[in-house]
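Here the structure comes first, spelled out in structure tokens, and everything after it is commentary.
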Amino acid sequence: MHKAEEYTVSVRLEIIEDENYFVGRVAELPDVEEYADSAEEAMSLVLDSIRTTQRVFAEEGREFPTPLVFDRESKNASGRVTLRLRKSTHYKAVVEAESEGVSLNSYLSSLIESNIALAGFSEATNKLNFVQQNIQKLTTLVEKISTNSDMHLTIFSTLFRKTAFSMQSKVNYLLEDEIEYESQSQPSFARLNVSFMQGDKHVSC
């Protein structure tokens, strides 16, 4: 069983019915919310709720959610960024956020996420353009080959030379085997002739 401190707990100050409350939440347990007058109290209440919920799940034989695991690449990303802007840019962002009825933080976050998504789309578009350019080059080459008789002749000659060289190599290989076979067979044939001639001479005598 995981410790309550291993879970992703957040505490923030919120205005609820014109009253200030510190609200504690758990990312792994969306239904858990605790309200307190101080951040420390809210954190304590949230941790107690995690422990209590773990016991209830265990008694009922239900599987309790495990803590979120953050990969190594994002271990330095806390989700908090200190951003410095020109006063004019800051003012324009505030006006745009108010016109959309969202907080400045939400407005800036949406802009950043949109631009990141656009960057990914741009990269994919560049790759697609590269593929299309190569397809166009191949298409142009095929058209040139189909309309240019000299190019046809050049390609045919190259293929013919390669084929002829391959066939000549095979012929040379067969001839070498034949010569080697005849050279190995010649001594026995010569001995046979000599023996036959000696036999004739002996009979004649």
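The values are calculated or read from the model by the stated rules, or taken from the named source; none is laboratory data. These figures come from a predicted structure and were not determined experimentally. Cβ atoms come from the backbone with ideal geometry, glycine included; neighbour counts cover every protein chain shown. With ligands, DNA and RNA removed, areas are computed over all heavy atoms of the protein, side chains included. Shrake-Rupley method; radii C 1.70, N 1.55, O 1.52, S 1.80 Å.
Between Arg51, Arg55, which is open to solvent by 50 Å² or more (accessible area, probe 1.4 Å) and in contact with a helix residue (DSSP H, G or I) (Cβ under 7 Å, 6 or more places away or on another chain)? On inspection, the qualifying residue turns out to be Arg51.
Can you tell me which residue is modelled with the highest pLDDT among those in the range 62-89 that are open to solvent by less than 70 Å² (accessible area, probe 1.4 Å) and over 15 Å from Arg25 (Cα atoms)?
Residues of the range 62-89 open to solvent by less than 70 Å² (accessible area, probe 1.4 Å): 64-65, 67, 74, 88-89.
In the following step, the residues that additionally are over 15 Å from Arg25 (Cα atoms) were identified as 64, 74, 88-89.
Numbers: Phe64: 92, Ser74: 57, Ser88: 89, Thr89: 88.
Residue satisfying both the conditions and the ranking: Phe64.
Would you check if there is a residue in the range 109-128 being small (Gly, Ala, Ser), closer than 30 Å to Arg80 by Cα, modelled with pLDDT of 75 or more and touching a helix residue (DSSP H, G or I) at 6+ places or on another chain (Cβ under 6 Å)?
Restricting attention to the range 109-128, the residues satisfying the condition of being small (Gly, Ala, Ser) are 109-110, 114, 117, 119-120, 122, 124.
Then drop every residue that is not closer than 30 Å to Arg80 by Cα, which leaves 109-110, 114, 117, 119-120, 122, 124.
Applying the additional criterion that residues be modelled with pLDDT of 75 or more yields 109-110, 114.
So of that shortlist, the ones also touching a helix residue (DSSP H, G or I) at 6+ places or on another chain (Cβ under 6 Å) come out as none.
No, the range 109-128 has no match at all.
Report yes if some residue within the range 36-50 is touching a residue at least 40 places away in the same chain (Cβ under 8 Å), more than 24 Å from Arg80 (Cα to Cα) and touching a strand residue (DSSP E or B) at 6+ places or on another chain (Cβ under 7 Å); otherwise report no. Yes - at least one qualifying residue is present in the range 36-50.
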